[in-house]
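Read-outs throughout are calculated quantities, based only on the coordinates presented, and are distinct from any laboratory measurement. These numbers were taken from a predicted model, which means no experiment stands behind them. When we count neighbours, we look across all protein chains shown, and the Cβ atoms used for this are built from the backbone with ideal geometry, even at glycine.
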Amino acid sequence: MRRVTRCLLYYKVVSSLHLLDKLHLTELKDARWANFSVFEPSRIAYRLRDNILGRFSNSQTSRNRIILIANAITAIGRDTKYNARSTSIVAMLYDEAQQSIGHVASTQPSARRELDIPLASKAFDHLVEMLLIQCWAIGPRNLMGLMHAAAPVFRRACPEPPEQLVSLPRILLEAEFHLRQFAESDVLLTLISGRSMFFKYDVGFTEETWDRIAVEDGLQWLRGLPGQFLILLAWINGLCEEFGTNVDPQIVAGIENRVRDARFTPGISSDPILTVRRLAVKECWRQTVYVYLYMALCGAGADDPRVARAVKAFTRIINGVKPGHNPDNFLLIPMHVVGVAARRRQDRDSIRRRIFGLQKGANSGTPPHAALIKLTDIWERTRAENRPAVWPDLRISAMRSTCRNVNLQPRSSPSDG
């Protein structure tokens, strides 16, 4: 009997050591992912560790999934042109996310909101994991499909009554991470696709709330997008959908003032170069909001002096920082937007080279690859038609890009007049 007990104890110790070894390896891989994909990884270090510990102690299924995610992250971080095994892991994670969302979406909402909200929130766990590796692992079309399936579940996870709009300031300040991530992705996908948002958000705020958004975490640590700019982008999206380009000039002036006066901190870092990069990304977002405001909401063309001024300021900033995964990974969406308005050859080349640096070796269909195809299409069409680009060109190129096969290699010739 004692011998059996000793054997059982030995088995438990060995199993525990094996589990701890896996846990440590997973923590290292997730730390690598954070440094690879997160704008300010130091802000989430402890939360990331607590999340891993909690999920490891939850169930065997949960442990298996987080190890699978860690393996996918390692493969993507090592080589963006990942192999068949890595592709199958990502496909498996994507299918699980669809099943998780689909299961909740197929059930009737509970009459008691306090019971339904946690159920819907839990379904978002898998979705957020896919959103976090979206830049390298899945293409825009797959991401859009996942967001479309998740939209009704997101709404059920929000406390606002069905007849009310979801408050975006509340989400940034109070909601769980996965709800903030969905809302941010909803707003930003509109910028790069030209489609409508899945939801029109309530963007109303008091001055106190506006100031809180400037200093609290929100999601700035993830992509480098200041929360105030996210609110303004959602506001512009909503106005575009409701009024097109026929918007009260006073509203436009009010948004301009908010963009100009927005302030943000560079973040905590002992590395001055990293501090400069982070400030550069945030200032690039300011110019991006200007371009989007003038072109999408005011109907201005790329030759409008306001647009040209923002493009010039943007390219001056990016030319002042060394190309590389950081900061370029966090400038992909801004370069996507500002690239629509870029007219000078040197501005286009600056943007093209940086996106190509992210795209080089990446799988066809990933966001960097898709961005280059769309921008190349816009630049070629507007040159052939001898006109400045307008915002609807983005939507046209987004639809045309699915069947385009173009040479994306940056060119040194001055043919991009």
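Some observations on this one:
- Residues being assigned to a helix (DSSP H, G or I) and free of Cβ contacts under 8 Å to residues at least 60 places away in the same chain - total across the stretch 294-312: 9
- Residue that is nearest to Phe177 (Cα to Cα) [pool: residues in the stretch 196-217 that are in contact with a helix residue (DSSP H, G or I) (Cβ under 6 Å, 6 or more places away or on another chain) and hydrophobic (A, V, I, L, M, F, W, C)]: Ile213
- Screening Ser269 on (1) surrounded by fewer than 23 Cβ atoms within 10 Å (Cβ to Cβ); (2) among the polar types (S, T, N, Q); (3) assigned to a helix (DSSP H, G or I) shows it passes everything except condition (3).
Residue-wise test of (1) surrounded by fewer than 21 Cβ atoms within 10 Å (Cβ to Cβ); (2) in a helix (DSSP H, G or I).
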| residue | (1), (2) |
| --- | --- |
| Asn142 | yes, yes |
| His148 | yes, yes |
| Phe154 | no, yes |
| Lys200 | yes, no |
| Arg212 | yes, yes |
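- Check on Gly218, part of a loop (DSSP other than H, G, I, E, B) and within 14 Å of Leu188 (Cβ to Cβ): yes
- Any hit, the stretch 151-169, residues being in contact with a Lys or Arg (Cβ under 9 Å, 6 or more places away or on another chain) and basic (Lys, Arg): yes
- Flag if Val291 is β-branched (Val, Ile, Thr), touching a residue at least 12 places away in the same chain (Cβ under 8 Å), within 22 Å of Val321 (Cα to Cα) and surrounded by 13 or more Cβ atoms within 10 Å (Cβ to Cβ): yes
- Yes/no for Arg258 being under 24 Å from the mean Cα position of the chain (by Cα), over 14 Å from Gly224 (Cβ atoms) and among the basic types (Lys, Arg): yes
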